[in-house]
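A short worksheet on the structure shown next.
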Amino acid sequence: MALDIAKRSVRGSLILFTSNLAATAVNAITIIVVARLLGATNYGIYSLALVIPSILQLFIGFGALPAVVRYAAYYTSIGREDEAKRFTINVMIFLFVTGAILTVVSFFLAGSLCTLLLQRPDLTPYVQLTSLTVLGTTILQSATTAAIGWNWMTLSGSTSAAQALIKLALAPLLVLAGLGATGALVGHVVSFFLAGTIGVAILYLRKLRGFGSVKGFAADVKMMNVYGLPVYAGSVLTGLATYFVYVLLSRTASYAVFGYYQAAANFTVPVTVLAAAMVSALFPAFASIDGVKADVNSAFRHAYRFVAYLLTPAIVSLIAGAGPLVRLLYGPGYSASVPYLQLLALAILPIAFGYSVHPAFFNGFGRTKLTLVLYVTASVALFLAAPLLAETCGLGVDGLIYATFLSYFVAWAVGTYLAYRYLHAALDIRSTVKILLVSAVAYVAVTSAPQSPYLLLNLVENLVVFFGIYVTLTPLVRAVTKSDLDLVGLTLSEPALLGKLASLFLRYERWLVDLTRAEIKQQK
């Protein structure tokens, strides 16, 4: 039972990841085009204009988003679909109301917030425009999150993809029309409203329509707050700590330096999108495990190994290929982003080793206070380390990135302890070490190899060398087993095209596993 749920959770992760990867790819194209058109300084203005609305977005719903996933998945797993419908509708109404209020707050306080937080009053008209993003994001998140709770990963992912496509169609066009950063921001805002509205409409018509009346609103909001408040409080703290880095950067760096930093940070988005997709899919799966009382530790370890196996090479390959990647996509004008990208990729490495699994694990079993502890430790570490390293020690942008790594690492260590202490679930340390070592070997091979003067050829060579070594050594050192590969094969079987591509490297991996087994038997 636990393995079946683990397979379903990873398959859900794959569906979300495939859709979100497509959305991320489209967003990456949009960002690259917009960044090239605007230049580093105007791209810094564009990026900073989104900081204050993003901070206010943290306060949307007061814990409603994790609550709708938890209870929709839980009620449907035990056959109480009407309760799942009622709770979903009431939570979405509550989200829309809070989103509208925060949009008004952002618009009318834009001038004060730009002066007080960012020390850049010239950003006020840009922030007033992007205030509308708060409500647009609320609508989009309501659709994507509720769809996950109803195990409709396709709708969740396709809604995100639609937002990315709309932004790609509008933002560069408006920049080319002479609107500059303002045009790019208009395209950003409109994309959230259109895609979110379409997603909500489809979800209502296919899953929620037919429920007689909205009732029990106050009771559902209370239940939502009892469950979701610890998770919400923790996520707010984490978000505030993250944007605290941007505030410090705004106070100390020029628009151009901020643009370089943001350009580098954009390359880490696919990793965080994959991690978020896995967390979103693992969350209802763990809630279902709680409903059917399956093997907790087994499901946790299966999900953990899959996450580590997939995310680690993605992160380390960013470090190895940062130079040609930045220069090829953004142009030589953004060469200053290369060291930032290498440090940022290293900083998010704990995401691959349990950090991204812990919140879904705790929330799925209703232990939201453990999630709060996890987020509090990460936030405190970042709040303390960021000003200490960046300002007191004089490390500047590099210090902010070091503080980010420390925050992730501390939270990972605390989450690992809490999972073992309270839910008796342990990480696979042996596989962790082996995956890290194999990734390190692949990194050394890439950085030691001769580099082509042609950026595209250089990038392709780096990727081929890195992933060729990684997929070869992981089975040879027994970082993955045949049962792990069987699980990967099942989860990568859909869509068909991906299944065919996956079968090629899985056949190679299984052959190496069998070869390793044969050698071990001969030694015995």
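The values are calculated or read from the model by the stated rules, or taken from the named source; none is laboratory data. In this text the structure is predicted, and so the values were computed from the model without any measurement. Quick reminder, even Gly has a Cβ in these numbers, built from the backbone with ideal geometry, and neighbours come from all protein chains shown.
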**OP:** Check Thr404, Thr371 and return the single one that is touching a helix residue (DSSP H, G or I) at 6+ places or on another chain (Cβ under 8 Å) and modelled with pLDDT under 85.
**Re:** Thr371
**OP:** Determine which single condition Val51 fails, assuming it passes every other condition in (1) modelled with pLDDT of 90 or more; (2) surrounded by fewer than 17 Cβ atoms within 10 Å (Cβ to Cβ).
**Re:** (2)
Original post:
For segment 334-354, how many residues are within 15 Å of Leu311 (Cβ to Cβ) and either outside the structural domain of Ala263 (by TED's automatic domain parsing) or modelled with pLDDT of 80 or more (or both)?
Top reply: 9
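Restricting to segment 175-185, and then to whatever is within 28 Å of the chain's Cα centre (by Cα) and farther than 15 Å from Ala40 by Cβ, can you tell me which residue is surrounded by the most Cβ atoms within 10 Å (Cβ to Cβ)? Full working, then the answer.
Step one: of segment 175-185, the residues within 28 Å of the chain's Cα centre (by Cα) are 175, 181-185.
This time we only want the ones that are farther than 15 Å from Ala40 by Cβ, so: 182-183, 185.
Working: Thr182: 17, Gly183: 22, Leu185: 25.
The residue in question is Leu185.
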Subject >> Residues of segment 452-462 satisfying the condition of being touching a residue at least 60 places away in the same chain (Cβ under 8 Å) and surrounded by 15 or more Cβ atoms within 10 Å (Cβ to Cβ) >> reply: Leu455, Asn458, Leu459, Asn462
**OP:** Restricting attention to segment 356-380, report how many residues are surrounded by 24 or more Cβ atoms within 10 Å (Cβ to Cβ), in a loop (DSSP other than H, G, I, E, B) and either of a type in the set (Gly, Ala, Ser) or not assigned by TED's automatic domain parsing to the domain that holds Ile315 (or both).
**Re:** 1
Subject >> Subset of segment 72-114 [modelled with pLDDT of 90 or more, hydroxyl-bearing (Ser, Thr, Tyr) and within 26 Å of the chain's Cα centre (by Cα)] >> reply: Thr103, Ser106
**OP:** Working carefully through the options Val33, Val10, Val26, find the one that is in a helix (DSSP H, G or I) and at pLDDT below 75.
**Re:** Val10
**OP:** Name the residue, out of Ala256, Ala241, Ala263, that is touching a Ser or Thr at 6+ places or on another chain (Cβ under 8 Å), farther than 16 Å from Leu343 by Cβ, at pLDDT 85 or above and surrounded by 21 or more Cβ atoms within 10 Å (Cβ to Cβ).
**Re:** Ala241
Original post:
Looking at (1) more than 20 Å from Gly183 (Cα to Cα); (2) at pLDDT 90 or above, can you tell me which one Ala143 breaks?
Top reply: (2)
**OP:** Kindly list the number of the only condition in (1) surrounded by fewer than 24 Cβ atoms within 10 Å (Cβ to Cβ); (2) farther than 22 Å from Lys434 by Cα that fails for Ala347.
**Re:** (2)
Subject >> Filter result (assigned to a helix (DSSP H, G or I), of a type in the set (Gly, Ala, Ser) and free of Cβ contacts under 8 Å to residues at least 40 places away in the same chain) within segment 394-427 >> reply: Gly399, Ala413
**OP:** Please determine, by comparing only the residues of segment 420-436 that are modelled with pLDDT of 85 or more and under 23 Å from the mean Cα position of the chain (by Cα), which one is surrounded by the fewest Cβ atoms within 10 Å (Cβ to Cβ).
**Re:** Leu436
**OP:** Scan segment 463-487 and report the pairs whose first residue is within 10 Å of Ser439 (Cα to Cα) and of a type in the set (A, V, I, L, M, F, W, C) and whose second residue is modelled with pLDDT of 75 or more and not in a helix (DSSP H, G or I), with Cβ atoms within less than 9 Å and a gap of 6+ or a chain change.
**Re:** Phe466/Gly321; Leu473/Ala479
**OP:** Out of Ser112, Ser131, report the one residue that is out of contact with any Lys or Arg (no Cβ under 8 Å at 6 or more places or on another chain), farther than 21 Å from Ala184 by Cβ and of a type in the set (Gly, Ala, Ser).
**Re:** Ser112
